[in-house]
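What follows is a set of notes on a single structure, which appears directly below.
The values are calculated or read from the model by the stated rules, or taken from the named source; none is laboratory data. What you see is a predicted model; the values in this text were computed from it and never measured. With ideal geometry, Cβ positions are generated from the backbone for all residues, glycine too; neighbour counts draw on all protein chains shown.
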Amino acid sequence: MNSGNPGANLPALRDHNAALVLDLLRTATVAGAGRREGEGVSRQELAARTGLTPQAVSKIVARLTGQGLVAEAGRSASTGGKPRTLLRLVRQARYAVGLHLDRDELTVVLADLAGEAVAERVTPFDLGAGPGAVLEAVAARVREVTCDVPGAERALLGAGVAAPGPLDHAAGVLGRVTGFPGWDGFALADALAGRLGLPVAVDKDTNAAALRVPAAGAGPQSFAYLHVGSGLGAGLVLDGALYRGPRTGAGEFGHQTLELDGPRCACGRRGCLEALCLAALADGDTARAARLLAVGAANLVALLDIDRVVLGGRAVTPAFRDEVAAALARETAPGAVRVARECAGARTIAEGAAWLVLAPVFGRRRFGF
């Protein structure tokens, strides 16, 4: 797996201004900003938007072009003057691997420099098989997904891992995963880096998903991503920043107590939202599951003053989302919060894990926006 170059090291990563230019190219030519994908942006516009001098922008662009990260995208339409050369991000210049380690399913994506998945593997998985078997399975799937794209192995920046919490995201160490105590204290980032020969970043699955939720309008965002799958958790974005808490403990949404004498949860407590909601779904009682989820979400709204909820996970269908939206409307003040019409896609978490690796390329914090 290791090509002898642990991570496709970029001198640009150490240059704030170069990263700023790259990020503008990414958002302008890939994410839209009123343009068609691949349309490009001129050096003059880059200078205006970054505050850098045209000479500084030209030097940065020349260096990034030499590294294969930027290429010309044609000329702008003439408005009477000389047409300007347009530039674009070369999406295939570098790649990152994103992994979602769910309790019973493994998703691996290969993401291009723009953060979009270009190859994917989804396979049954047993997190309870133990670290040795899990690392072997992960390494095998990473090799497969990388081989799907010619040249990707030599251009890999690293691998991002989204795993069930609790965990220490800075150290890459797992905590006592509900139902899987054998992972408590396991240094996943170091162990996987040794297997892959690549830098590895680790975060909670719900946090990774929150990184891929589209913005709703301009300005800082405040929302909760609620994941309903083999477990129940939340990724919290407050005033435009992902909130993890000092021990990555924020977002343990499923383990708020709703019934003091309720059924025993896998975490050892009674009456947890996760145990109640997943039991209702298993019984086919989606109406009850939606009500329970809405009560938990209403608690978040009251505590954090968020105004948007995004649902994701295998259990979330458009019909279930609508049930949750209706129940949440009854639990909160009129107009206080809305459930986003879009449901986060099946590979949202894995793509978010890849973004943990890609963020520094664009001058973004490694574990944030």
State all residues of segment 205-216 that are crowded, with 24+ Cβ neighbours inside 10 Å and part of a loop (DSSP other than H, G, I, E, B); if no residue qualifies, say none. L211
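Residue-by-condition table, conditions (1) of a type in the set (D, E, K, R); (2) farther than 28 Å from P199 by Cβ; (3) modelled with pLDDT under 90:
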| position | (1), (2), (3) |
| --- | --- |
| G32 | no, yes, yes |
| E37 | yes, yes, yes |
| G40 | no, yes, yes |
| R63 | yes, no, no |
| Q67 | no, no, no |
| A96 | no, no, no |
| L110 | no, no, no |
Scan segment 99-112 for residues that are surrounded by fewer than 23 Cβ atoms within 10 Å (Cβ to Cβ) and not acidic (D, E) and jot them down. R103, L106
State the number of residues belonging to segment 297-337 that are closer than 20 Å to P214 by Cα, of a type in the set (K, R) and either at pLDDT 90 or above or touching a helix residue (DSSP H, G or I) at 6+ places or on another chain (Cβ under 7 Å) (or both). 2
Going through V118, V202 one at a time, which residue ends up being among the β-branched types (V, I, T), surrounded by fewer than 23 Cβ atoms within 10 Å (Cβ to Cβ) and modelled with pLDDT of 95 or more? V118
Hits in segment 286-312 - residues which are under 19 Å from C343 (Cα atoms) and among the basic types (K, R): R291, R308
Tally up the residues in segment 133-153 that are surrounded by fewer than 16 Cβ atoms within 10 Å (Cβ to Cβ) and closer than 22 Å to F362 by Cβ, please. 2
Under 25 Å from A159 (Cβ atoms), exposed (fewer than 15 other Cβ atoms within 10 Å of the Cβ) and among the charged types (D, E, K, R): does that describe R330? no
Across segment 238-253, what is the number of residues that are more than 21 Å from L273 (Cβ to Cβ) and either assigned to a strand (DSSP E or B) or assigned by TED's automatic domain parsing to the domain that holds A162 (or both)? 2
Only one of A266, A280, A326, A353 is under 23 Å from the mean Cα position of the chain (by Cα) and of a type in the set (G, A, S), namely A353
Select, from A241, A279, the only residue that is among the aliphatic types (A, V, I, L, M) and either in contact with a Ser or Thr (Cβ under 8 Å, 6 or more places away or on another chain) or more than 24 Å from F180 (Cα to Cα) (or both). A241
Go through segment 321-363 and report how many residues are more than 25 Å from G219 (Cβ to Cβ), assigned to a helix (DSSP H, G or I) and either small (G, A, S) or free of Cβ contacts under 8 Å to residues at least 60 places away in the same chain (or both). 10
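Among the residues of segment 176-208, what is the count of those that are among the small types (G, A, S), closer than 20 Å to L242 by Cβ and touching a residue at least 40 places away in the same chain (Cβ under 8 Å)?
The number of residues fulfilling the criteria is 2.
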Could you check how many residues of segment 154-174 are free of Cβ contacts under 8 Å to residues at least 40 places away in the same chain and either surrounded by fewer than 24 Cβ atoms within 10 Å (Cβ to Cβ) or among the charged types (D, E, K, R) (or both)? 3
Looking at segment 298-309, is at least one residue outside any loop (DSSP other than H, G, I, E, B), in contact with an Asp or Glu (Cβ under 7 Å, 6 or more places away or on another chain) and either at positive phi or surrounded by 17 or more Cβ atoms within 10 Å (Cβ to Cβ) (or both)? yes
